[in-house]
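The values are calculated or read from the model by the stated rules, or taken from the named source; none is laboratory data. Computed from a prediction, not measured in an experiment: that's the story for all the values here. Here the Cβ is made from the backbone with ideal geometry for all residues, glycine too, and neighbour counts use every protein chain on show. Remember, those area values only see protein heavy atoms, side chains included, never the ligands or the DNA or RNA. Shrake-Rupley method; radii C 1.70, N 1.55, O 1.52, S 1.80 Å.
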Amino acid sequence: MEAWRRQLDDPVSAFPIAKAGPAHIATLKTYDPPLSALEGRRLAGAERRAKRMLFPTEDGDLVLLVHLMSAGRLKYLQAGQEGPKTPAFRLAFEGGAQLVLTEAGAKKRAGVWLLSPEQAEAELEHLGPEAFGIGAERLAEICAAESRRLHSMLRDQRVLAGIGRAWANEILHRAQLSPYALTQDLDGESVERLADAIDSELARGLELRERGANDKRTYRVHNKLAEPCYVCGSPIARVDFEEHTIYYCPTCQTGGRILKDRRLSKLLR
(Lines give C-alpha, C1' and ligand atoms only; values in the text may rest on other atoms or scores of the structure.)
Protein backbone atom coordinates (compact mmCIF):
# COMPACT_ATOMS: atom_id res chain seq x y z
CA MET A 1 0.00 0.00 0.00
CA GLU A 2 2.79 2.43 0.81
CA ALA A 3 4.49 1.62 -2.49
CA TRP A 4 1.25 2.41 -4.33
CA ARG A 5 0.84 5.62 -2.36
CA ARG A 6 4.29 6.79 -3.40
CA GLN A 7 3.68 5.88 -7.03
CA LEU A 8 0.35 7.73 -7.14
CA ASP A 9 1.18 10.83 -5.10
CA ASP A 10 2.53 13.01 -7.90
CA PRO A 11 0.49 11.76 -10.89
CA VAL A 12 -2.97 12.15 -9.29
CA SER A 13 -2.25 15.79 -8.41
CA ALA A 14 -0.96 16.76 -11.86
CA PHE A 15 -4.32 17.61 -13.52
CA PRO A 16 -7.85 18.53 -12.45
CA ILE A 17 -10.52 15.82 -12.57
CA ALA A 18 -12.56 15.86 -15.77
CA LYS A 19 -14.99 13.08 -14.85
CA ALA A 20 -15.51 11.06 -11.67
CA GLY A 21 -17.02 7.61 -12.21
CA PRO A 22 -18.72 5.52 -13.17
CA ALA A 23 -18.43 3.21 -10.16
CA HIS A 24 -19.77 -0.29 -9.68
CA ILE A 25 -22.90 -0.27 -7.52
CA ALA A 26 -21.22 -2.56 -4.98
CA THR A 27 -18.04 -0.45 -4.90
CA LEU A 28 -19.40 3.04 -4.26
CA LYS A 29 -20.38 3.25 -0.59
CA THR A 30 -21.65 6.84 -0.43
CA TYR A 31 -24.05 8.95 -2.49
CA ASP A 32 -23.93 12.40 -0.85
CA PRO A 33 -21.95 14.26 -2.01
CA PRO A 34 -22.15 12.69 -5.48
CA LEU A 35 -19.00 11.72 -7.34
CA SER A 36 -19.64 14.59 -9.74
CA ALA A 37 -18.64 16.94 -6.89
CA LEU A 38 -15.04 15.98 -7.66
CA GLU A 39 -15.20 17.22 -11.24
CA GLY A 40 -13.18 20.36 -11.88
CA ARG A 41 -11.23 19.92 -8.62
CA ARG A 42 -7.61 18.90 -8.28
CA LEU A 43 -6.41 16.22 -5.85
CA ALA A 44 -3.71 17.22 -3.37
CA GLY A 45 -1.94 13.86 -3.71
CA ALA A 46 -2.15 10.39 -2.21
CA GLU A 47 -2.12 9.58 1.49
CA ARG A 48 -2.37 6.29 3.37
CA ARG A 49 -3.85 5.15 6.66
CA ALA A 50 -3.47 1.45 7.40
CA LYS A 51 -4.67 -0.38 4.25
CA ARG A 52 -6.75 2.56 2.99
CA MET A 53 -5.77 5.12 0.37
CA LEU A 54 -6.87 8.73 0.83
CA PHE A 55 -7.04 11.34 -1.93
CA PRO A 56 -7.94 14.76 -0.45
CA THR A 57 -8.91 17.55 -2.79
CA GLU A 58 -6.58 20.53 -3.04
CA ASP A 59 -9.25 22.88 -1.71
CA GLY A 60 -9.67 20.74 1.43
CA ASP A 61 -13.39 20.20 0.94
CA LEU A 62 -13.50 16.49 0.06
CA VAL A 63 -11.62 13.24 0.60
CA LEU A 64 -11.84 10.25 -1.74
CA LEU A 65 -11.22 7.14 0.37
CA VAL A 66 -10.43 3.78 -1.27
CA HIS A 67 -10.23 0.46 0.54
CA LEU A 68 -8.80 -2.22 -1.75
CA MET A 69 -9.52 -5.18 0.55
CA SER A 70 -7.58 -8.25 -0.67
CA ALA A 71 -8.27 -8.26 -4.43
CA GLY A 72 -8.54 -4.57 -5.36
CA ARG A 73 -5.87 -2.84 -7.43
CA LEU A 74 -5.33 0.84 -8.23
CA LYS A 75 -3.55 1.85 -11.40
CA TYR A 76 -2.69 5.19 -12.95
CA LEU A 77 -2.97 5.14 -16.74
CA GLN A 78 -1.23 7.73 -18.86
CA ALA A 79 -3.19 9.45 -21.63
CA GLY A 80 -3.71 6.95 -24.45
CA GLN A 81 -2.72 3.95 -22.33
CA GLU A 82 -5.22 1.12 -22.65
CA GLY A 83 -7.04 0.07 -19.49
CA PRO A 84 -9.95 -2.12 -18.40
CA LYS A 85 -13.25 -1.52 -20.19
CA THR A 86 -15.39 -1.72 -17.05
CA PRO A 87 -13.32 -0.97 -13.94
CA ALA A 88 -14.94 -0.94 -10.53
CA PHE A 89 -14.20 2.80 -10.37
CA ARG A 90 -12.62 5.39 -12.63
CA LEU A 91 -11.33 8.95 -12.33
CA ALA A 92 -10.59 10.67 -15.64
CA PHE A 93 -8.23 13.65 -15.53
CA GLU A 94 -7.97 16.57 -17.91
CA GLY A 95 -5.43 15.63 -20.53
CA GLY A 96 -6.58 12.00 -20.74
CA ALA A 97 -4.90 10.22 -17.81
CA GLN A 98 -7.01 7.94 -15.61
CA LEU A 99 -6.99 6.39 -12.15
CA VAL A 100 -8.78 3.04 -12.27
CA LEU A 101 -9.78 0.55 -9.60
CA THR A 102 -10.11 -3.10 -10.58
CA GLU A 103 -11.00 -6.10 -8.46
CA ALA A 104 -10.35 -9.73 -9.30
CA GLY A 105 -12.99 -12.35 -8.58
CA ALA A 106 -16.77 -12.31 -8.34
CA LYS A 107 -16.93 -10.89 -4.81
CA LYS A 108 -16.86 -7.09 -4.90
CA ARG A 109 -15.41 -6.09 -1.55
CA ALA A 110 -13.27 -3.08 -2.45
CA GLY A 111 -14.93 0.19 -1.57
CA VAL A 112 -14.89 3.87 -2.56
CA TRP A 113 -16.20 6.64 -0.30
CA LEU A 114 -16.47 10.37 -1.03
CA LEU A 115 -16.41 12.16 2.30
CA SER A 116 -15.83 15.45 4.04
CA PRO A 117 -12.54 15.61 6.00
CA GLU A 118 -14.52 15.21 9.24
CA GLN A 119 -16.34 12.15 7.90
CA ALA A 120 -13.05 10.65 6.72
CA GLU A 121 -11.55 11.14 10.16
CA ALA A 122 -14.54 9.39 11.74
CA GLU A 123 -14.28 6.56 9.21
CA LEU A 124 -10.69 5.92 10.30
CA GLU A 125 -10.92 6.48 14.04
CA HIS A 126 -11.31 2.78 14.85
CA LEU A 127 -7.88 1.94 13.42
CA GLY A 128 -4.97 1.09 15.67
CA PRO A 129 -1.45 2.56 15.50
CA GLU A 130 0.58 2.02 12.34
CA ALA A 131 2.57 -1.21 12.49
CA PHE A 132 5.76 0.12 10.93
CA GLY A 133 7.95 1.62 13.62
CA ILE A 134 5.69 0.49 16.47
CA GLY A 135 8.68 -0.51 18.61
CA ALA A 136 9.02 -3.28 21.19
CA GLU A 137 7.72 -1.25 24.15
CA ARG A 138 4.41 -0.28 22.55
CA LEU A 139 4.06 -3.72 20.97
CA ALA A 140 4.50 -5.37 24.38
CA GLU A 141 1.64 -3.25 25.74
CA ILE A 142 -0.58 -4.27 22.82
CA CYS A 143 0.21 -7.97 23.23
CA ALA A 144 -0.41 -7.83 26.97
CA ALA A 145 -3.83 -6.23 26.41
CA GLU A 146 -4.88 -8.92 23.93
CA SER A 147 -5.58 -12.62 24.47
CA ARG A 148 -5.49 -14.24 21.07
CA ARG A 149 -3.30 -15.93 18.50
CA LEU A 150 -0.50 -13.87 17.01
CA HIS A 151 -1.58 -14.21 13.40
CA SER A 152 -5.07 -12.98 14.27
CA MET A 153 -3.72 -10.02 16.23
CA LEU A 154 -1.36 -8.91 13.47
CA ARG A 155 -4.20 -8.87 10.92
CA ASP A 156 -6.61 -6.91 13.11
CA GLN A 157 -6.53 -3.32 11.87
CA ARG A 158 -8.23 -2.12 15.04
CA VAL A 159 -5.23 -3.31 17.05
CA LEU A 160 -2.30 -2.76 14.67
CA ALA A 161 -2.83 -1.06 11.34
CA GLY A 162 -1.16 -1.87 8.05
CA ILE A 163 -0.46 -5.62 8.11
CA GLY A 164 -2.43 -7.97 5.88
CA ARG A 165 -2.61 -11.74 5.74
CA ALA A 166 0.43 -12.24 3.54
CA TRP A 167 2.71 -9.98 5.57
CA ALA A 168 1.56 -11.58 8.82
CA ASN A 169 2.95 -14.84 7.41
CA GLU A 170 6.24 -13.20 6.41
CA ILE A 171 6.64 -11.36 9.72
CA LEU A 172 5.98 -14.37 11.94
CA HIS A 173 8.41 -16.49 9.97
CA ARG A 174 11.10 -13.81 10.29
CA ALA A 175 10.42 -13.60 14.03
CA GLN A 176 10.48 -17.42 14.35
CA LEU A 177 7.13 -17.38 16.14
CA SER A 178 4.18 -19.72 15.74
CA PRO A 179 1.05 -18.20 14.17
CA TYR A 180 -0.87 -19.90 16.98
CA ALA A 181 1.26 -18.46 19.80
CA LEU A 182 -0.83 -16.49 22.29
CA THR A 183 -0.07 -12.80 22.56
CA GLN A 184 0.01 -12.80 26.36
CA ASP A 185 2.50 -15.68 26.42
CA LEU A 186 5.26 -13.75 24.63
CA ASP A 187 8.33 -12.94 26.68
CA GLY A 188 10.38 -9.80 26.21
CA GLU A 189 12.83 -11.39 23.79
CA SER A 190 9.99 -12.69 21.60
CA VAL A 191 8.35 -9.25 21.49
CA GLU A 192 11.69 -7.72 20.47
CA ARG A 193 11.98 -10.24 17.62
CA LEU A 194 8.42 -9.54 16.53
CA ALA A 195 8.92 -5.75 16.53
CA ASP A 196 12.15 -6.11 14.54
CA ALA A 197 10.46 -8.49 12.09
CA ILE A 198 7.57 -6.07 11.50
CA ASP A 199 9.94 -3.27 10.54
CA SER A 200 12.39 -5.37 8.53
CA GLU A 201 9.75 -7.27 6.54
CA LEU A 202 7.62 -4.23 5.75
CA ALA A 203 10.74 -2.31 4.70
CA ARG A 204 11.85 -5.23 2.52
CA GLY A 205 8.43 -5.42 0.90
CA LEU A 206 8.34 -1.68 0.21
CA GLU A 207 11.77 -1.75 -1.40
CA LEU A 208 10.86 -4.69 -3.64
CA ARG A 209 7.48 -3.25 -4.64
CA GLU A 210 9.08 0.06 -5.57
CA ARG A 211 11.42 -1.90 -7.84
CA GLY A 212 8.44 -3.53 -9.51
CA ALA A 213 8.64 -6.97 -7.90
CA ASN A 214 5.55 -9.17 -8.17
CA ASP A 215 4.08 -11.37 -5.42
CA LYS A 216 6.19 -14.38 -6.33
CA ARG A 217 9.44 -12.43 -5.97
CA THR A 218 8.32 -10.50 -2.91
CA TYR A 219 6.91 -13.22 -0.68
CA ARG A 220 9.25 -15.85 0.73
CA VAL A 221 6.71 -17.81 2.81
CA HIS A 222 3.23 -16.72 1.79
CA ASN A 223 1.71 -18.89 -0.96
CA LYS A 224 4.80 -21.15 -0.97
CA LEU A 225 3.15 -24.42 0.09
CA ALA A 226 5.58 -27.38 0.00
CA GLU A 227 8.42 -25.20 -1.27
CA PRO A 228 11.64 -25.28 0.79
CA CYS A 229 11.92 -22.74 3.59
CA TYR A 230 14.53 -20.15 2.64
CA VAL A 231 16.14 -20.53 6.08
CA CYS A 232 16.15 -24.26 6.86
CA GLY A 233 14.92 -26.00 3.72
CA SER A 234 11.90 -27.67 5.34
CA PRO A 235 8.69 -27.70 3.27
CA ILE A 236 6.42 -24.73 3.95
CA ALA A 237 3.09 -25.81 5.49
CA ARG A 238 -0.36 -24.23 5.33
CA VAL A 239 -3.49 -23.87 7.45
CA ASP A 240 -6.72 -23.02 5.64
CA PHE A 241 -9.55 -20.96 7.07
CA GLU A 242 -12.71 -19.60 5.49
CA GLU A 243 -11.35 -16.10 4.86
CA HIS A 244 -7.58 -16.48 5.09
CA THR A 245 -4.68 -18.90 4.84
CA ILE A 246 -1.67 -19.20 7.12
CA TYR A 247 1.69 -20.27 5.69
CA TYR A 248 4.53 -21.20 8.05
CA CYS A 249 7.64 -23.32 8.48
CA PRO A 250 7.17 -26.11 11.04
CA THR A 251 10.91 -26.27 11.74
CA CYS A 252 11.52 -22.53 12.16
CA GLN A 253 8.26 -21.61 13.88
CA THR A 254 6.47 -24.47 15.63
CA GLY A 255 9.20 -26.88 16.74
CA GLY A 256 8.20 -29.39 14.09
CA ARG A 257 4.52 -29.39 15.03
CA ILE A 258 1.97 -29.33 12.20
CA LEU A 259 -0.85 -26.88 12.88
CA LYS A 260 -4.44 -27.93 12.25
CA ASP A 261 -7.51 -25.86 11.51
CA ARG A 262 -11.02 -26.69 12.64
CA ARG A 263 -12.31 -27.57 9.19
CA LEU A 264 -9.51 -30.09 8.59
CA SER A 265 -9.92 -31.53 12.07
CA LYS A 266 -13.63 -32.12 11.43
CA LEU A 267 -12.88 -33.89 8.13
CA LEU A 268 -10.40 -36.21 9.83
CA ARG A 269 -12.82 -37.33 12.55
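FRET efficiency for the pair Glu82 and Thr251, taken as 1/(1 + (r/R0)^6) with r the Cβ-Cβ distance and R0 = 51 Å, rounds to 0.65.
For the range 167-268, the Kirkwood hydrodynamic radius comes to 14.4 Å, computed from all pairs of different C-alpha atoms. Note on Phe241: accessible area approximately 60 square angstrom, rounded to 10, probe 1.4 Å, nucleic acids and ligands left out.
Charges were assigned to the Cβ only: +1 to each Lys and Arg, -1 to each Asp and Glu. The resulting dipole of the chain about its Cα centre is roughly 1460 debye.
Restriction of the GluC sites (Glu not before Pro) in the range 33-119 to DSSP coil positions whose beta-carbon has at most 13 other beta-carbons within 10 angstrom yields Glu58, Glu82.
When DSSP beta bridges are restricted to pairs lying wholly in the chain, around 95% turn out antiparallel. Report the one residue of Ile171, Val231, Gly105 whose Cα lies farthest in the direction of the positive end of the charge dipole of the chain (charges on C-beta: Lys and Arg +1, Asp and Glu -1; origin at the Cα centre). Result: Gly105. Return the carbon/sulfur percentage of the accessible area of the range 1-152, one whole number, probe 1.4 Å, all protein chains in place. Reported share for carbon and sulfur atoms: 49 percent. Given their separation in residues at 0.36 nm each and the Cα-Cα distance between them, Ser36 and Asn214 gain 60.6 nm when the chain is fully extended. In the chain, the calculated helix contribution to ellipticity at 222 nm averages -8500 deg cm²/dmol per residue, counting -39,500 (n - 2.57) for every DSSP H run with n ≥ 4. Backbone phi angles across the range 136-142, fed through the Karplus curve with coefficients 6.51, -1.76 and 1.60 (θ = phi - 60°), yield HN-Hα couplings of 5, 5, 5, 5, 4, 5, 5 Hz in residue order; Gly and Pro are listed as x. With no solvent and one point on each alpha carbon, what is the Debye value of log10 I(q)/I(0) for the chain at q = 0.07, 0.08, 0.10, 0.14 Å⁻¹? For the chain at q = 0.07, 0.08, 0.10, 0.14 Å⁻¹, log10 I(q)/I(0) is -0.29, -0.38, -0.58, -1.02. Checking the cross-link pairs Lys29/Lys75; Lys19/Lys216; Lys51/Lys107; Lys108/Lys224; Lys29/Lys216 against a 24 Å limit on the alpha carbon distance flags Lys19/Lys216; Lys108/Lys224; Lys29/Lys216 as lying beyond it. Convex hull volume per residue, computed on the Cα atoms of the range 33-191, equals 144 Å³. Ranked by solvent-accessible area (1.4 Å probe, protein heavy atoms only, all chains present), the residues Glu146, Glu243 order from largest to smallest as Glu243, Glu146. Note on the range 75-154: dipole from Cβ charges, positive end direction compared against Pro87, Ala145, Ala122; the farthest Cα belongs to Pro87. If the segment from Arg73 to His24 were pulled out straight at 0.36 nm per residue, it would be longer than the present Cα-Cα gap by 16.2 nm.
Per-residue Karplus couplings for the range 47-58, computed as 6.51 cos²θ - 1.76 cosθ + 1.60 with θ equal to phi - 60°, are listed in order as 10, 9, 9, 6, 9, 10, 9, 10, 10, x, 7, 4 Hz, Gly and Pro entered as x.
Separation of the range 99-139 and the range 13-61, taken as the distance between their Cα centroids, equals 15 angstrom. Applied to the range 151-156, the Karplus parametrisation 6.51 cos²θ - 1.76 cosθ + 1.60 on θ = phi - 60° returns per-residue 3J(HN,Hα) values of 4, 5, 5, 5, 7, 7 Hz, with x for Gly and Pro.
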